[in-house]
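Trainee: Input: one structure, supplied below.
The values are calculated or read from the model by the stated rules, or taken from the named source; none is laboratory data. Source: prediction; values computed, not measured. Every residue, glycine among them, receives a Cβ derived from its backbone with ideal geometry; neighbour counts consider all protein chains shown.
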Amino acid sequence: MKKNLLITGGAGFIGSHVVRLFVNKYPDYHIVNLDKLTYAGNLNNLTDIEKASNYEFVKADIVDGDAMVQLFQKYQFEKVIHLAAESHVDRSIANPIEFVITNVVGTCNLLNAARHIWKDNSEGKLFYHVSTDEVYGSLGEEGFFTESTPYDPHSPYSASKASSDHFVRAYHDTYKLPVVISNCSNNYGSFQFPEKLIPLAINNIKNNRPIPVYGKGENVRDWLWVDDHARAIDVILHKGKIGETYNIGGFNEWKNIDLIHVLCKVMDEKLGRTPGTSASLITFVTDRAGHDLRYAIDATKLNTELGWQPSLQFEEGIAKTVDWYLANEAWLNNVTSGDYKKYYDNQYAAR
Ligand code: NAD
Ligand code: TYD
């Protein structure tokens, strides 16, 4: 009998990398990818593994509590990796309630389903909740987020993720649900929806459109290659301690404006444009409300206790990412058709 592993949000950016890694690496797991296929979920992210015998896709909504219980009854999952979420800060500012419903209620529905199905025997079971460093709030010029940094979320997105983290810990403390949580920094790489900074900038540069930089571009993010996040999730799922939290980060801080200049240089080279062409598209626009100044992760615990470390240097990762978006024009055109234009116009017209 294969062990059933549930991955939620597996048709999204990070989820698709996690699904691919697990399907290829673990032929003895039966991997169920549960996804609602929102604007951010795309089965085209998984065409290379969709026919694998250890893979199954289930279209479902984590907000539907009864459906979650039925799913857990049917599959008797041994382990869960929960990534499904509304994930974009700007959308959370425009529509916070949707984030409460998906990220808080949806997570609680999964916890509840796991609790009811595992109650008699939670031996070998694990509920792995994938979270973000944004729950810790904003750093000044110095310091890092550690696993004991107090929560201080500022955006509706980070507040909803913080709330879901609290519920995961509450289910552990109250019902002894076997859980583990990781909080990761900003990811980048292939298959990221072009609402987030890096793919949005690549798409705009490619199409000679302005690159919107919020405020003065001085906010700092700690960027991690998405496959390094997927590898960390693998390590934590198999070697992490129940009830623990692990921070995941790249030790790779960039001011937004400096990152955009690197991207512009790489794009000029790849597109055979005169140096400076892409940088001329940089446009400073009205800042994001409640914009966190700096995120930086201290991933020492994950490194010393579980032996994980990032594999890729940023310059190499950015070049690979640009190559991927330029080589996958059909994917990019597909996700930027339809509602994307409406989103973009709403988001950026007033800035
Ligand atoms: P994403 O927006 O690309 O993908 C989210 C996926 O969840 C999509 O496939 C979507 O269809 C699915 N989904 C949304 N609502 C759902 C629902 N109600 N029921 C079932 N499926 C639903 O997000 P991502 O960037 O891949 O992030 C994945 C997870 O990792 C999120 O929990 C996010 O908070 C966390 N995270 C992201 C980053 C990052 O840099 N992107 C960093 C740290 C943590
Ligand atoms: P984003 O990719 O949305 O990730 P997060 O807000 O979760 O960190 O944004 C990364 C940084 O880039 C953040 O400081 C906001 C900034 N940003 C821009 O300057 N312009 C943009 O168009 C976007 C989407 C983000």
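Trainee: Among the candidates 276, 317, 272, 338, single out the residue that is touching a strand residue (DSSP E or B) at 6+ places or on another chain (Cβ under 6 Å) and either under 15 Å from residue 187 (Cα atoms) or free of Cβ contacts under 8 Å to residues at least 60 places away in the same chain (or both). Step through it out loud before you land on a result.
Mentor: Numbers: 276 fails: touching a strand residue (DSSP E or B) at 6+ places or on another chain (Cβ under 6 Å); 272 fails: touching a strand residue (DSSP E or B) at 6+ places or on another chain (Cβ under 6 Å); 338 fails: touching a strand residue (DSSP E or B) at 6+ places or on another chain (Cβ under 6 Å).
It is 317.
Trainee: Hey, among 186, 207, 203, which residue is more than 13 Å from ligand 2 (Cβ to nearest atom) and closer than 20 Å to residue 335 by Cβ?
Mentor: Exactly one of 186, 207, 203 is more than 13 Å from ligand 2 (Cβ to nearest atom) and closer than 20 Å to residue 335 by Cβ, namely 207.
Trainee: For the range 218-230, which positions are over 19 Å from residue 134 (Cβ atoms) and either of a type in the set (A, V, I, L, M, F, W, C) or surrounded by fewer than 20 Cβ atoms within 10 Å (Cβ to Cβ) (or both)?
Mentor: 230
Trainee: Still on this model: Is it the case that the range 189-204 has a residue that's under 25 Å from residue 111 (Cβ atoms) and crowded, with 19+ Cβ neighbours inside 10 Å?
Mentor: So the first thing to find is which residues in the range 189-204 are under 25 Å from residue 111 (Cβ atoms), and the list is none.
No, the conditions are met nowhere in the range 189-204.
Trainee: List pairs: first residue in the range 24-40 and away from ligand 1 (no atom under 16 Å from the Cβ), second residue in a loop (DSSP other than H, G, I, E, B) and modelled with pLDDT under 95 anywhere in the structure, Cβ distance under 7 angstrom, at least six positions apart or on different chains.
Mentor: Pairs found: 28/2; 29/2; 30/2.
Trainee: Considering 137, 143, which residue is more than 16 Å from ligand 2 (Cβ to nearest atom), within 22 Å of residue 296 (Cα to Cα) and either within 16 Å of the chain's Cα centre (by Cα) or in contact (Cβ under 8 Å) with a residue 60 or more places away in the chain (or both)?
Mentor: On the way: 137 fails: more than 16 Å from ligand 2 (Cβ to nearest atom).
Being more than 16 Å from ligand 2 (Cβ to nearest atom), within 22 Å of residue 296 (Cα to Cα) and either within 16 Å of the chain's Cα centre (by Cα) or in contact (Cβ under 8 Å) with a residue 60 or more places away in the chain (or both) holds for just one of 137, 143, which is 143.
Trainee: Going by the structure shown, is residue 250 farther than 18 Å from residue 328 by Cα and modelled with pLDDT under 95?
Mentor: yes
Trainee: Mind listing whichever residues of the range 184-230 are in a loop (DSSP other than H, G, I, E, B) and among the small types (Gly, Ala, Ser)?
Mentor: Residues of the range 184-230 that are in a loop (DSSP other than H, G, I, E, B), as a first pass: 185, 189-196, 207-210, 215-219.
If the condition is that a residue be in a loop (DSSP other than H, G, I, E, B) and among the small types (Gly, Ala, Ser), then 185, 189, 190, 215, 217 are the ones that fit.
Trainee: Specify the residue that is farthest from ligand 2 (Cβ to nearest atom); the eligible residues are those in the range 327-351 that are among the polar types (S, T, N, Q) and buried (at least 17 other Cβ atoms within 10 Å of the Cβ).
Mentor: My answer is 336.
Trainee: Go through 100, 80, 104 for me and flag whichever is under 23 Å from residue 119 (Cβ atoms) and out of contact with any strand residue (DSSP E or B) (no Cβ under 9 Å at 6 or more places or on another chain).
Mentor: 104
Trainee: Every residue in the range 258-311 that is among the basic types (Lys, Arg), out of contact with any Pro (no Cβ under 8 Å at 6 or more places or on another chain) and over 26 Å from residue 142 (Cα atoms), please.
Mentor: If the condition is that a residue be among the basic types (Lys, Arg), out of contact with any Pro (no Cβ under 8 Å at 6 or more places or on another chain) and over 26 Å from residue 142 (Cα atoms), then 270, 273 are the ones that fit.
Let's see how each residue does on (1) within 20 Å of the chain's Cα centre (by Cα); (2) without any contact (Cβ under 8 Å) to a residue 12 or more places away in the chain; (3) buried (at least 21 other Cβ atoms within 10 Å of the Cβ):
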position	(1), (2), (3)
245	yes, no, yes
256	yes, no, no
281	no, no, no
325	yes, no, yes
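Trainee: For the range 292-312, how many residues are closer than 29 Å to residue 210 by Cβ and exposed (fewer than 15 other Cβ atoms within 10 Å of the Cβ)?
Mentor: The number of residues fulfilling the criteria is 1.
Trainee: So residue 105 passes all but one of these: (1) within 16 Å of ligand 2 (Cβ to nearest atom); (2) out of contact with any Leu (no Cβ under 9 Å at 6 or more places or on another chain). Which condition number does it fail?
Mentor: The one condition residue 105 does not meet is (1).
Trainee: Going by the conditions given, is residue 205 farther than 27 Å from residue 147 by Cβ and modelled with pLDDT of 95 or more? Working first, answer last.
Mentor: Values: farther than 27 Å from residue 147 by Cβ: yes; modelled with pLDDT of 95 or more: yes.
It is true that residue 205 is farther than 27 Å from residue 147 by Cβ and modelled with pLDDT of 95 or more.
Trainee: Residues being closer than 18 Å to residue 13 by Cα, among the hydroxyl-bearing types (Ser, Thr, Tyr) and either surrounded by 14 or more Cβ atoms within 10 Å (Cβ to Cβ) or within 16 Å of ligand 2 (Cβ to nearest atom) (or both): count how many of those fall in the range 41-78.
Mentor: 1
Trainee: Six or more apart or on different chains, Cβ under 9 Å: which pairs go from a residue in the range 189-210 that's touching a residue at least 60 places away in the same chain (Cβ under 8 Å) to one that's more than 16 Å from ligand 1 (Cβ to nearest atom) and of a type in the set (Asp, Glu)? Could you list them?
Mentor: Close Cβ pairs satisfying both conditions: 205/268; 206/329.
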